Every structure is written in structure tokens, then in C-alpha cells.
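Asker: Next up is a structure, given as C-alpha cells.
The values are calculated or read from the model by the stated rules, or taken from the named source; none is laboratory data. This structure is a prediction, so every number in the text was calculated from the model and none was measured. Neighbour counts run over all protein chains shown; Cβ positions are idealised from the backbone, glycine included.
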Amino acid sequence: MTDSFDLNQTDRLLTTTRAVRKRLDLTRPVPRDLIMDCIRVASQAPAGSNLQRWRWIVVDDPALKSGLADLYRRAYEPYIASQKVAVDRSGRTGAGAIMDSSDYLSSILHEVPAMVIPCSLGTPVGNQGQVAGFYGSVLPAVWSFMLAARSRGLGTAWTTLHLEYEAEARALLGIPDTVTQVALTPVAYYTGDTFKPGTRRAAEEITYFNGWKS
Ligand SMILES: Cc1cc2nc3c(=O)[nH]c(=O)nc-3n(C[C@H](O)[C@H](O)[C@H](O)COP(=O)(O)O)c2cc1C
């Protein structure tokens, strides 16, 4: 077959694209062209009726990054405080590492070389199908962006916490109120060589054939 893929490579990309927080290289600038390449790749993602209502805001201005990081931290601090109480109460193990790395991201977010805020024209209103169509027409492109970044040596981390203050972020960036921000990701070269697959539930445990099984 001429159109075959090297599954080792594609599966490695798909299984090792992690939320990168502690390994973001804060010292190495990321060329805008490289981010544009990732957006070009991401633009091949599916979208309802191929309307391509996604828009990308790349933020590399220090004052704007600080403003966004402040909004993120305002949302993060109460969120993580309640998470820590819940984890202590439940005795859940393994949550400590994620919380450490989340704390770190929150503390250095203003220092990342770039932030990318994917947006969609419009707002998510209507029935479940319309809301699914709205987000389903932009979120696949966001993940494609992250995969394209990973394959170019760039780390990303999907975040949504700044959206608690989406109006403030909108004012900061001049985003019209007819546009919805859907995430914020830092973009930086990653340090270290590679990443491992993360901990996930077994496919057999989460897949039902021919109907829901409880
Ligand atoms: C919708 C969504 C929202 C998220 N919000 C945040 C966030 O605000 N801050 C953060 O540090 N990570 C956030 N994450 C990252 C998740 O914590 C991460 O994807 C998950 O722990 C799996 O990480 P791993 O792929 O490195 O194993 C978010 C992920 C998703 C998909």
C-alpha cells in the first residue's frame, strides 16, 4: 500500500502527547512560523458543514501573557484548594503529581513563550445536538494543533480555567462578544527527550458493543 503509515510513529505521537507543565522550556522563544505550521495542520480537522469557524489567537506579548496568567491564577487558586480538600478526604492516591505540576503551571504561566487561545465564531446555544456541533467543530482542531506541536518538539497543555474570567480575557484581547474562547494552551519547546503513554482505563472496560452495559 502506498498510503500506509508507520504505526509505531503515529501511535507514539497519539499516545505520548501529554499535558506538558513542568517540562515547558521558558527560556527558548518559539518562532511564530512554527505555530502557524501547527495551525495549518490543525485546519485539516473536521468541522460541521466544513464551516471552519475556528479562529486562533496567539499571544506572545509579555503584558498580555501576564494579564491572561493573572486571570488563570484567579480561577486556579480556589479550584485547586477545593481539589486538595477533596483528595485529602477521599484518600485518592496519585493525584499529588498532577496537582504539583498544575501548581507549577499556574505559577509560571506568564513566562511561557506563547499562549494559544482557540476560539469559534458564534456561541454554544440550542439543543444538545447544536451544542455538540458547536464544540465538535472546534475541539478536534485544538487537539490536532497539540499533536502537530508535539511532533515539532513543542509542548502544550489543554487548560480551560481562565474561561471563568472569559469576559476579562475578551476585553484584554479585543475579542468580539459574538466569539467563544474554548481553551488556552501554553506553547513552548519541551525539555527532556520524550514522553511516555499516560495512565488510562483499559479500552475493554469502557467499550460496550451493541448497547450500554452497566
Ligand atoms: C477540557 C479540559 C480542561 C482542562 N483544564 C486544565 C486546566 O485548566 N489546567 C491544567 O493544568 N490542566 C487542564 N487540563 C489537562 C488535564 O489535566 C490533562 O489532560 C489530564 O490530566 C491528562 O494528562 P496527561 O495526558 O498528561 O496524562 C484540561 C484538560 C481538558 C481536556
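Asker: Could you give me the residue pairs with C-beta distances under 8 Å whose first residue belongs to the range 34-60 and is closer than 13 Å to ARG152 by Cα, whose second residue is modelled with pLDDT of 95 or more and charged (D, E, K, R) wherever it lies, and which are 6+ apart or on separate chains?
Answerer: LEU34/ARG152; ASP37/ARG152; CYS38/ARG152
Asker: So, in the range 180-194, of the ones that are surrounded by fewer than 17 Cβ atoms within 10 Å (Cβ to Cβ) and at pLDDT 95 or above, which residue ends up nearest to SER106 (Cα to Cα)?
Answerer: Among them, the one singled out is THR191.
Asker: Would you please list the contacts, defined by Cβ atoms under 8 Å and residues six or more apart or on different chains, that run from a residue in the range 97-118 that is within 30 Å of GLN52 (Cβ to Cβ) and at pLDDT below 95 to a residue that is surrounded by fewer than 20 Cβ atoms within 10 Å (Cβ to Cβ) and of a type outside the set (Gly, Ala, Ser)?
Answerer: Here the result reads none, with nothing in the range 97-118 linked to a residue that is surrounded by fewer than 20 Cβ atoms within 10 Å (Cβ to Cβ) and of a type outside the set (Gly, Ala, Ser).
Asker: Here is a further query. Of all residues being among the polar types (S, T, N, Q) and touching a residue at least 12 places away in the same chain (Cβ under 8 Å) in the range 119-143, which is surrounded by the fewest Cβ atoms within 10 Å (Cβ to Cβ)? Just the residue, please.
Answerer: Once the filter is applied, the top-ranked residue is THR123.
Asker: How many residues does the range 66-92 hold that are more than 16 Å from the ligand (Cβ to nearest atom) and surrounded by 17 or more Cβ atoms within 10 Å (Cβ to Cβ)?
Answerer: 1
Asker: Answer yes if at least one residue in the range 46-57 is β-branched (Val, Ile, Thr) and either within 14 Å of the ligand (Cβ to nearest atom) or touching a Lys or Arg at 6+ places or on another chain (Cβ under 6 Å) (or both), and no otherwise.
Answerer: No, because not a single residue in the range 46-57 is β-branched (Val, Ile, Thr) and either within 14 Å of the ligand (Cβ to nearest atom) or touching a Lys or Arg at 6+ places or on another chain (Cβ under 6 Å) (or both).
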